[in-house]
Amino acid sequence: MKKGLWRISLGIKLGLVGIAVFIGCLAGGALAQGNQARMFLEVPVERIEEGGTDFKVGVAAENVSNLAAFQFTLSYDPSIIKYVGVSPTTFLKSTGREVMCPEPSVDEGKPRTLKLNCVTLGPPVSLGGAAGPDGYGVLAEVAFSPVGGGTVSLELKDGVLLAAEIDAQGAPAEIGTVVEGASLYVVPSGGGFAWMIWGPVIGVVCVAVVAGAVVLVMRRRGGRGLGTLGGS
């Protein structure tokens with residue numbers, strides 16, 4: 001009997017150890033994911049109209065540490081937005097490292113694809129070099145012209161962030177990064193209705209019309225009732 005109880009107790013302990021290991025793995029995975037950097041797009045929130053003025057889309061990064069270089073590929077529909085140009089910001093060089101950005105390339109296919117990479121010059125931090133920036137920053141701004149109407153998907157891929165450090169193999173240390181695209185809507189010329197402005201007005205008018213109809217029906221019913229009483 002004691003032997004059986006011992007086996008049951010051992011089984012429970014092993015089960016608890018297994019659960020603890022499993023929870024530890026989950027927590028470790030969540031921690032690793034939480035420490036990842038994120039490269040994403042910042043699209044305009046204001047109204048974009050077909051044939052309107054140019055606008056900019058920011059390629060941003062957050063939760064970075066000691067950033068020394070980046071690259072990305074951005075795909076878009078040229079029938080809705082036309083590429084105008086791309087400008088790296090001052091974020092990458094904000095700590096004093098010298099920045100070099102080769103000429104960006106644009107693939108003329110459909111979807112059209114923009115590729116950009118920028119690197120900083122100088123030794124890694126472990127060899128006496130200056131550290132790169134930390135935290136959040138806009139890496140580059142891409143200018144577009146709205147030439148068509150509709151929803152355009154901005155696909156951000158091949159996003160890589162490198163630190164001003166080397167790994168165990170002597171290569172530039174890569175920062176774990178999650179990459180996220182976005183989409184935006186371009187209002188077709190002559191096809192958009194200003195619901196934000198006229199919506200409340202239309203709503204008030206509809207309520208007034210319905211209220212007037214209800215009052216008219218009630219008055220008619222009241223008149224019929226009085227007529228019936230007078231005849232009796």
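The values are calculated or read from the model by the stated rules, or taken from the named source; none is laboratory data. Predicted model only: the values in this text are computed from it and were never measured. Neighbour counts run over all protein chains shown; Cβ positions are idealised from the backbone, glycine included.
In table form, for the structure just shown:
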read-out	value
So V99, is it touching a Pro at 6+ places or on another chain (Cβ under 9 Å) and aliphatic (A, V, I, L, M)	yes
Exclusive hit being free of Cβ contacts under 8 Å to residues at least 60 places away in the same chain and on the phi < 0 side of the Ramachandran plot, set E46, E62, E50, E42	E46
Checking T73 against (1) surrounded by 12 or more Cβ atoms within 10 Å (Cβ to Cβ); (2) part of a loop (DSSP other than H, G, I, E, B), the condition it does not meet	(2)
Unmet requirement for L26, which otherwise passes all of (1) modelled with pLDDT under 50; (2) surrounded by 18 or more Cβ atoms within 10 Å (Cβ to Cβ)	(2)
Strands (runs of 3 or more DSSP E) lying entirely in the stretch 93-172 (those with 1 or more residues that are buried (at least 20 other Cβ atoms within 10 Å of the Cβ) and under 22 Å from the mean Cα position of the chain (by Cα))	112-121, 135-146, 150-166
Leading residue by the ranking (surrounded by the fewest Cβ atoms within 10 Å (Cβ to Cβ)) among those in the stretch 82-92 that are among the hydrophobic types (A, V, I, L, M, F, W, C) and under 20 Å from the mean Cα position of the chain (by Cα)	V86
Qualifying residue in the stretch 59-69 (condition: surrounded by fewer than 16 Cβ atoms within 10 Å (Cβ to Cβ) and more than 12 Å from A164 (Cα to Cα))	yes
Selection status of L162, modelled with pLDDT of 95 or more and over 19 Å from T113 (Cβ atoms)	yes
Residue among T151, T90, T120 that is under 27 Å from V186 (Cβ atoms), modelled with pLDDT of 95 or more and polar (S, T, N, Q)	T151
